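The values are calculated or read from the model by the stated rules, or taken from the named source; none is laboratory data. No experiment lies behind these values; they were computed from the predicted model shown. Ideal geometry is used to build each Cβ from the backbone, glycine not excepted, and the neighbour counts take in all protein chains shown. All accessible areas refer to the heavy atoms of the entire protein, side chains included, with ligands and DNA or RNA removed. Shrake-Rupley method; radii C 1.70, N 1.55, O 1.52, S 1.80 Å.
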Amino acid sequence: SRNEPRYRDLLESFSNGVTIVTPEGLVLDINQRPLANAHLRREEVVGKPFTDLPAWSSDPAVQEQLRTAIARAARGETVRFEARIHPRTDLFLDILMTITSHRDANQQVEYLICAGRDITERKQAEDQLRMLVDAIPQFVWIARPDGYVTYHNQRLLAYLAMTLEQAKGDGWLVGVHPDDRHRVRAAWQAAIQTGEPYAVEHRLQDGTSGASRWFLVRGV
């Protein structure tokens, strides 16, 4: 059509990899960045399931993550997730994928826009930071703005005798002495809501011996 060159220029102007898919997940169009990463041509991809692209199909767990996200977006949700993809065997990328839906005049989802931003450098920097944090003698944790704890360094996990998955969110509270939990939770919630520094003394149980020791815990 007359607008095709303008449309292609717009699609290629994005720094992100952009793929347009049907609500069922079939590729309608794709810009050059993900094609170049995978050494693929556009005609090899269009009409195929997005989840079957090598970047996603090389890891069944990541492929399922994308499949689930497409299903949610097809219902009108905006979905964001991070994934490590392998466009080809000698390349991996960490990306932040955002999938949004476009509706037609009848408010039916017509197609989905899948935009993948390369966050490989950021993830590598985070990995290096974690290596540094794991090497220091203090207990260290990181939480989201809503208070959900996403990371504990290895020294803290070893003391609690917990896995990271067990300690995430508010799982770490299990390690706090029962007599201190209410006070700790209240101080934690107050810090989250006000943005003020978090500082509280409480007992933390050694997950191996069962003994409790007092700690001064600070967060900013």
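Residues of segment 147-165 being open to solvent by 40 Å² or more (accessible area, probe 1.4 Å) and under 15 Å from the mean Cα position of the chain (by Cα), which ones? Matches in segment 147-165: Tyr148, Thr150, Glu165.
Of all the criteria given as (1) under 16 Å from Gly25 (Cα atoms); (2) outside any strand (DSSP E or B); (3) open to solvent by less than 70 Å² (accessible area, probe 1.4 Å), the one not satisfied by Arg67 is (3).
Among residues of segment 94-110 that are among the acidic types (Asp, Glu), those with a beta-carbon under 6 Å from a residue that is in a strand (DSSP E or B) and open to solvent by 50 Å² or more (accessible area, probe 1.4 Å) at least six positions away or on a different chain give the pairs Asp94/Arg84; Asp104/Glu110; Glu110/His102.
Okay, residues lined up against (1) more than 15 Å from the chain's Cα centre (by Cα); (2) closer than 30 Å to Asp104 by Cα:
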residue: Asp52; (1), (2): yes, yes
residue: Ser58; (1), (2): yes, no
residue: Leu66; (1), (2): no, yes
residue: Ala69; (1), (2): no, yes
residue: Arg75; (1), (2): yes, yes
residue: Ile85; (1), (2): no, no
residue: Leu91; (1), (2): yes, no
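For Thr51, the requirement of being out of contact with any Phe, Trp or Tyr (no Cβ under 6 Å at 6 or more places or on another chain), open to solvent by less than 70 Å² (accessible area, probe 1.4 Å), at pLDDT 95 or above and under 21 Å from Thr150 (Cα atoms) is not met.
Filtering segment 194-204 to residues that are open to solvent by 80 Å² or more (accessible area, probe 1.4 Å) and modelled with pLDDT under 95 leaves Thr194, Glu196, Pro197. Selection of segment 80-90 for residues being open to solvent by 40 Å² or more (accessible area, probe 1.4 Å) and either touching a strand residue (DSSP E or B) at 6+ places or on another chain (Cβ under 8 Å) or part of a strand (DSSP E or B) (or both) yields Arg80, Glu82, Arg84, His86, Arg88.
Residues of segment 174-193 include none that is open to solvent by 70 Å² or more (accessible area, probe 1.4 Å), among the polar types (S, T, N, Q) and part of a loop (DSSP other than H, G, I, E, B). Total residues in segment 130-146 satisfying the condition of being in contact (Cβ under 8 Å) with a residue 24 or more places away in the chain, open to solvent by 60 Å² or more (accessible area, probe 1.4 Å) and not acidic (Asp, Glu): the figure is 3.
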